[in-house]
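Notes follow once the structure below has been shown.
Derivation of every value follows stated rules applied to the coordinates shown; laboratory data play no part. Remember, predicted model here, so these are calculated numbers, not experimental data. Neighbour counts are summed over all protein chains in view; Cβ atoms, including those assigned to glycine, are modelled from backbone coordinates with ideal geometry.
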Amino acid sequence: MDKLLDFTGKTVLITGAAQGFGALLAEELAARGANLVLGDIKTEPLQALAKKLKANGAKVIAQNCNVAVEADGKAMVDAAMDQFGQLDIAVNNAGIGQALELTEEVSDKDFESQWRVNVMGVQYGMRHQLKAMKTKGSGVILNVSSMAGLGAAPRLAAYSAAKHAVIGLSKTAAVENAALNIRVNAICPFFALTPLVTESALSAAGVEQAKATLSRNAPIRRCAEPIEIVNAMILLLSPGNTYMTGLAIAVDGGVSAI
């Protein structure tokens with residue numbers, strides 16, 4: 001296998017792994033030889049995914065993980081160390097969306113939910129992931145932000161603020177750990193047809209009309225397919241990609257070029 005795509009023997013931790021980007025990434029990395037530590041609050045689909053991957057020969061640990069609880073994030077790292085003896089790669093993918101509302105209408109509760117899951121979930125994860133990687137002397141962390149973390153996101157103020165914070169955390173951790181051979185990047189997808197999108201925006205209107213509305217600002221004129229985002233994630237995580245750190249990478253169908 002080409003070394004850019006060969007994850008044989010690498011231990012990869014993925015949060016939010018029961019569906020969407022997390023589940024697809026787990027499948028793609030398992031096919032490339034990775035050992036997987038998967039976490040999600042949705043236990044049944046997570047265990048179903050783990051069973052499927054194991055049946056295909058992958059080594060997989062799957063456990064309940066609420067990223068807003070630090071002990072759960074630590075438990076995932078501990079599981080990687082106990083079972084596989086190392087943590088090579090961590091993908092902090094778990095997150096929540098937000099209902100559309102004007103900035104002045106966002107409640108304290110909604111802001112707190114965004115902060116606990118989308119920001120502290122990443123911080124709790126990195127707190128323990130970085131410690132494990134420092135013992136090994138290398139590692140890669142990829143945090144899932146959003147195009148809403150790179151610019152304005154009208155009617156999504158709390159979500160946008162949280163995703164901006166993810167980029168700040170990622171860049172800071174990257175600079176702090178670059179000399180230790182630990183890379184940290186953030187990926188910033190445009191609208192992709194994951195459950196986070198399809199269960200909210202697409203359920204509120206006709207599917208084709210909703211897709212057209214979501215993608216109207218993209219030069220490529222469509223929403224992303226989840227695998228298109230996952231393919232970019234794999235390139236960012238690649239063992240052959242050793243000099244890219246501290247970046248917030250837009251995968252956006254040309255939106256940021258306008």
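Across the chain, the volume of the C-alpha convex hull divided among the residues equals 126 Å³ per residue. Helices assigned as whole DSSP H runs in the chain whose Cα atoms extend at least 15 Å along their own long axis and whose mean Kyte-Doolittle hydropathy is -1.0 or higher are found at 20-31, 43-55, 70-84, 120-136, 157-177, 226-237. With the cut-off at under 20 Å, measuring from each backbone N in segment 69-92 to a point 7 Å along the Cα-to-Cβ line of Glu176 picks out 69-78, 87-92.
Between Arg127 and Glu104, take the C-beta separation as r, use R0 = 41 Å, and let me know the FRET efficiency to the nearest 0.05. E(calc), rounded to 0.05, equals 0.75. When peptides 219-226, 246-253 are ranked by their average number of other Cβ atoms within 10 Å per residue, the highest-first order is 246-253, 219-226. Taking the Kirkwood radius as the inverse of the mean 1/r across Cα pairs, report the Rg/Rh of segment 1-101. With Rh from the inverse mean 1/r over Cα pairs, Rg/Rh is 0.98. Once the C-beta distance of Asn56 and Asp82 is scaled by a Förster radius of 22 Å, the resulting FRET efficiency is 0.40 to the nearest 0.05. Rounded to the nearest 0.05, the FRET efficiency derived from the C-beta distance between Ala257 and Arg155 at R0 = 22 Å is 0.40. The charge dipole of the chain, taken about its Cα centre with unit charges on the Cβ of Lys, Arg, Asp and Glu (plus for the first two, minus for the last two), comes to roughly 600 debye.
Residues Leu236, Leu36, arranged from fewest to most other Cβ atoms within 10 angstrom of their Cβ, appear as Leu236, Leu36. Separation of the alpha carbons by more than 24 angstrom is noted, of Lys52/Lys134; Lys42/Lys109; Lys134/Lys171; Lys109/Lys171; Lys10/Lys54; Lys3/Lys42, for Lys52/Lys134; Lys109/Lys171; Lys3/Lys42. Alpha-carbon geometry of segment 124-171: the Rg and the Dmax are 13.4, 43 Å, given in that order.
Entry note: segment 71-124 has Rg to Rh equal to 1.17, where both radii use alpha-carbon atoms and Rh is the Kirkwood radius.
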